[in-house]
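Chemist: Dropping the structure in here first, questions after.
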């Protein structure tokens, strides 16, 4: 596991912010979306880090659920969608990891297919990403190859190759070894998601004009 956990989270948050700014205000500028592809694999990887380090798995699960619930209304309004936001994807991924490691690996691998019944962000690709980055976190070749294969499958399925840029995040996770100590409250990381959605929603509604 990469020890620069908080710094990676900050990279994930700000690349996500750039992605969402692009999606809402500059949909014609592809660069925003390219930068944004870095965010999700970092969040997916951090779920595995959190699972390994948490002292209370139940509270971890509840935090993800709570932020997902709080964020859903601004997320739905901002992106005009009924899809469940990324925190529900992360929650399902954490459950999948737990089942994979504590109960049965094959059963854990079935959780991505919940996307056939529940519409959540990134769907089957998202939960498989969480599982792959967790299972192969000590095997660099498989870590890269597994995520690369998922990206190729995703791109072919949706006939869009934008998601291939997310492989950049995998190399950041594996090889960004500068030892940077950043002490930031975990609540800040959780609060950033709903707060930035609300701010973007207000800006997009021209409420300040």
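Any read-out appearing in this document is the output of simple, stated calculations on the displayed coordinates, not a laboratory observation. Values in this document were obtained by computation on a predicted structure and should not be read as measured data. Because the Cβ atoms are built from the backbone with ideal geometry, glycine has one as well, and the counts that use them run over all protein chains shown.
Chemist: Classify the stretch 72-132 from the C-alpha gyration tensor, please: rounded if a/c falls under 1.5, else prolate or oblate depending on whether a/b exceeds b/c. Let's see the in-between values first.
Modeler: Working: a/c = 3.02, a/b = 2.44, b/c = 1.24.
Judged from the Cα gyration tensor, the stretch 72-132 comes out prolate (a/c at least 1.5, a/b above b/c).
Chemist: Please report how far the C-alpha centroid of the stretch 91-105 lies from that of the stretch 123-173, rounded to the nearest whole angstrom.
Modeler: 18
Chemist: With everything on Cα atoms, drop me the angle between helix 186-204 and the longest principal axis of the chain, reported from 0 to 90° to the nearest 10.
Modeler: Around 30 degrees separate the two axes.
Chemist: When a/c is below 1.5 the answer is rounded, else prolate if a/b is larger than b/c, else oblate, so apply that to the stretch 5-204 with a ≥ b ≥ c taken from the square roots of the Cα gyration tensor eigenvalues.
Modeler: On the way: a/c = 1.25, a/b = 1.19, b/c = 1.05.
The shape class here is rounded.
Chemist: Taking the Cα-to-Cβ direction at residue 139 and at residue 77 and moving 7 Å from each Cα, how far apart do the two end points lie in nm?
Modeler: 4.7
Chemist: Taking Cα pairs under 8 Å and at least six residues apart, what relative contact order does the stretch 1-89 come out at, in percent? Show your work: numbers first, answer last.
Modeler: On the way: 65 pairs, mean separation 20.4, N = 89.
Answer for the stretch 1-89 is 23 percent.
Chemist: Which of the peptides 95-103, 21-29 is most tightly packed, and how do the rest follow, going by the mean number of other Cβ atoms within 10 Å of each residue? Could the numbers behind the result be given before it?
Modeler: Working: 95-103: 16.9, 21-29: 13.2.
Per-residue Cβ counts within 10 Å, averaged per peptide and sorted highest first, yield 95-103, 21-29.
Chemist: Moving on to the next point. Per residue of the chain, what 222 nm ellipticity follows from adding -39500 (n - 2.57) for every DSSP H run with n ≥ 4, rounded to the nearest 500? Display every interim value, and only then the final one.
Modeler: Details: 10 runs with 147 residues, N = 209.
Counting only the DSSP helices, I get -23000 deg cm²/dmol.
Chemist: Before anything else, pin down the relative contact order of the stretch 5-204: Cα pairs under 8 Å, at least 6 apart, normalised by residue count, whole percent.
Modeler: Worked out over the stretch 5-204, it gives 26 percent.
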